[in-house]
Each structure stands twice: as structure tokens, then as C-alpha cells.
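Some notes on the structure that comes next.
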Amino acid sequence: MVCDQLHPHVAIGRADESDLIVRGNLISRLHARIEFNRNRFLLTDQSTNGTFVQIVGQEEAFVRRDSMPIKGEGMIGLGRVPDVDSPQTIRFVCEES
């Protein structure tokens, strides 16, 4: 899945209408979204259980009903801490343009 100027919004959740569908009992129908705007990526949590973000070289962040910029590379966990071995973990790389 790519989020860029041509596709500036990615909806993440368990709903069939989501751009990135992730199934799980802690995952909301529309759990979070990632937006690309002004050459930066912004993750916005819209869930009940929150979103965990691990960016390489930074402390883990927890976002619930709020937004945070993401950059570099890392992992996103919907409703739980991301686990490298879990199929529910989202891996991301934000490339400089």
C-alpha cells in the first residue's frame, strides 16, 4: 500500500471499506488513517483501543483519538503493541521525496 501525493489518504481498520484491512478483536472498523500532506505523514487514531507506534530510534508512542507525525521506518500496532511476528502488525517506511 502506498500513501503519496496521488493517494494522500489510507484508511486502516477491519471494515471491508478500509484501504488496508486488518482483522482482530481490538481493531475498530475505522481504526486509524494515514494522510500525506505538505510532504509529511500524519497518523490519526479514531479507535476505542488506540494505536501504538514504534519508529526506529525513537520511544514507542501511544495515540488514542489524536494524531502524530510519522517518519523514517517502524511498526504500527492497532489496539496493542506491535509484534514483529504478528500478521496484524503494520510495517511502514516513509521515503523522502
Checklist line | region 21-36, subset open to solvent by less than 50 Å² (accessible area, probe 1.4 Å) and not small (Gly, Ala, Ser), residue nearest to GLN5 (Cα to Cα) | finding: PHE36
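Of all residues in region 74-92 being open to solvent by 100 Å² or more (accessible area, probe 1.4 Å) and within 18 Å of ALA32 (Cα to Cα), which is farthest from the chain's Cα centre (by Cα)?
Step one: filter region 74-92 for residues open to solvent by 100 Å² or more (accessible area, probe 1.4 Å), giving 80, 85, 87, 91.
Those left that are additionally within 18 Å of ALA32 (Cα to Cα): 80, 87, 91.
Numbers: ARG80: 12, PRO87: 14, ARG91: 9 Å.
Applying the filter and picking the extreme gives PRO87.
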Check: What do you reckon, is PHE52 of a type outside the set (Lys, Arg), crowded, with 19+ Cβ neighbours inside 10 Å and in contact with a Phe, Trp or Tyr (Cβ under 7 Å, 6 or more places away or on another chain)?
Finding: yes
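The values are calculated or read from the model by the stated rules, or taken from the named source; none is laboratory data. Because the structure is a prediction, the values reported are computed rather than measured. Here the Cβ is made from the backbone with ideal geometry for all residues, glycine too, and neighbour counts use every protein chain on show. Calculation scope for accessible area: heavy atoms of the full protein, side chains included, ligands and nucleic acids excluded. Shrake-Rupley method; radii C 1.70, N 1.55, O 1.52, S 1.80 Å.
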